[in-house]
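Working notes for the structure below.
The values are calculated or read from the model by the stated rules, or taken from the named source; none is laboratory data. Because the structure is predicted, anything quoted here is derived from the model rather than measured. Cβ placement follows ideal geometry from the backbone for every residue including glycine, while neighbour counts extend to all protein chains displayed. Each accessible area value is taken on the protein alone, full model and side chains, heavy atoms only, with ligands, DNA and RNA left out. Shrake-Rupley method; radii C 1.70, N 1.55, O 1.52, S 1.80 Å.
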Amino acid sequence: MEPIKDFEGLAAHLKTLDRPRKVAVVCATDDHSVEAISRALSDGFAHFILVGPHSVPGGVMDGYKGAIESVGFDLTPDEAAAKAVEIVHDGQADVLMKGLINTDNLLRAVLNKEHGLLPKGKVLTHIALVEMPAQDKLLFFSDAAVIPSPNLEQREAIVRYMADAIRRLGGQSPRIALINCTEKVNDKFPVTIDYMTICDMARNGEFGADTIVDGPMDVRTACDREAAAIKGIDSPVNGNADGLIFPEIQSGNTFYKTITYFAGARLAGLLMGTMAPVVLTSRGDAATAKFDSLALACLLCGDSDTTSANLE
């Protein structure tokens, strides 16, 4: 498989697979979610179960009989979230998608200890995929939305999830940069001590023999070969990172907001670690962001240790 370099290529690749994924959508009452659903139906890579109230036009429902159905139209948002999670938990859908419902309400259902989607011992995190005008490839980064300050175990899990996601997009040797404001290991920045451990694990093949992890390094060094050369930094990641792992949520979220607002970045985001990918875009996100996130989820779901683990 050739590496997927942009979101148009991602959607085109899904169309060639001829294996529509079943998506449970909670409260698809906003125009942007409806547009994303309609586009995915037109492209043929997803079928849908609409859970709770929705505003998908009857013409769309009739036009895709067998590919879209509705359940629990009279459910409250919390009831719809619980029902959609149950549908995914029981294997009737491959992906969970957030519509017009508060994130906290959906997460309560996702994290329910008895019927939720987070397997025992798994780490819940958020992974984003971005396409930027200045880059000739797609770039993953984490965590911008879930874990305030990851510990070593959580960082290890994020590396595993990200390496798997990069491979799913056709990356042959995932290159992951551990981001900090300096390239030196310093006990004034405890995160850099964790980074040393993770780099040692990568060299020992614990994230897959083909996975390359290095850091600490700054974002420009990770993505710009010239900057790395000027600084005299010799790293297999230099200027060619496929993924960035930020030290804590403040820097990850700031990066997220900055590239979308100032750099015109196109971005998709998912929850990872759950037994199925969870499309967790903002209620105010545009239809393109919801469609791209849905497409990414449909690519990542399936047989994988990090995206579809069985509940213990």
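Computed with every protein chain present, the accessible area of ASP18 is close to 130 Å² [probe 1.4 Å].
Take the Cα of ASP62, step 7 Å toward its Cβ, do the same at CYS181, and the gap between the two points is 6.1 nm.
Counted by Cβ distance under 12 Å from ALA268, the other residues give a net charge of -2, where Lys and Arg count +1 and Asp and Glu count -1. Seen from SER55, the other residues with C-beta closer than 13 Å to its C-beta sum to a net charge of -3, counting Lys and Arg as +1 and Asp and Glu as -1. With θ taken as phi - 60° and the Karplus curve 6.51 cos²θ - 1.76 cosθ + 1.60 applied, the whole-hertz 3J(HN,Hα) list for region 290-301 is 5, 5, 4, 5, 4, 4, 4, 4, 5, 6, 7, 6 Hz, x standing for glycine and proline. At full extension, ARG19 and SER173 could sit 52.8 nm farther apart than now, given 0.36 nm per residue minus the alpha carbon distance.
Accessible area of the chain with a 1.4 Å probe: how many percent of it is carbon plus sulfur?
Details: 6670 of 13730 Å².
Carbon with sulfur: 49 percent of the solvent-accessible area.
In region 1-84, if the dipole is taken from +1 on Lys/Arg beta carbons and -1 on Asp/Glu beta carbons about the Cα centre, which of PRO3, LEU41, GLY59 is farthest to the positive end? My answer, from the dipole projection, is PRO3.
Close amide H contacts of SER70 (hydrogens built in the peptide plane, cut-off under 5 Å, sequence separation of 5 or more or a different chain): LEU50.
Within the chain, antiparallel bridges make up roughly 30 percent of the DSSP beta bridges whose residues both belong there. Each of SER70 and ASN204 was given a label point 7 Å from its Cα along the Cα-to-Cβ line. The distance between the two points is 5.5 nm.
For a test of the definition: using alpha carbon positions, the gyration tensor, and the 1.5 limit on a/c, classify region 139-256 as rounded, prolate or oblate. Rounded.
Just subtract the alpha-carbon distance of ARG283 and ALA12 from 0.36 nm times their residue separation and send over the number in nm, one decimal. Before the final figure, lay out each step's value.
Values: separation 271, 0.36 × 271 = 97.56 nm, distance 2.59 nm.
Result for the pair: 95.0 nm of gain on full extension.
Per residue, how many Å² of accessible area does region 226-276 show with a 1.4 Å probe? Intermediate results must be reported in sequence, preceding the final value.
Working: 2220 Å² over 51 residues.
With all protein chains present, region 226-276 gives 44 Å² per residue.
Karplus-derived 3J(HN,Hα) values for region 11-28, using 6.51 cos²θ - 1.76 cosθ + 1.60 with θ = phi - 60°, are 5, 5, 5, 4, 5, 7, 7, 6, 8, x, 8, 8, 10, 9, 10, 8, 6, 7 Hz; glycine and proline are entered as x. A 1.4 Å probe run over region 104-189, with the rest of the protein chains in place, finds 46 Å² accessible per residue. Each stretch of four or more DSSP H residues adds -39500 (n - 2.57); spread over every residue of the chain, this sum gives -12000 deg cm²/dmol at 222 nm. Given the alternatives (1) -0.32, -0.41, -0.62, -1.28; (2) -0.26, -0.35, -0.54, -1.30; (3) -0.58, -0.61, -0.67, -1.28, log10 I(q)/I(0) by the Debye sum over Cα atoms at q = 0.07, 0.08, 0.10, 0.16 Å⁻¹ as computed for this entry is given by (2).
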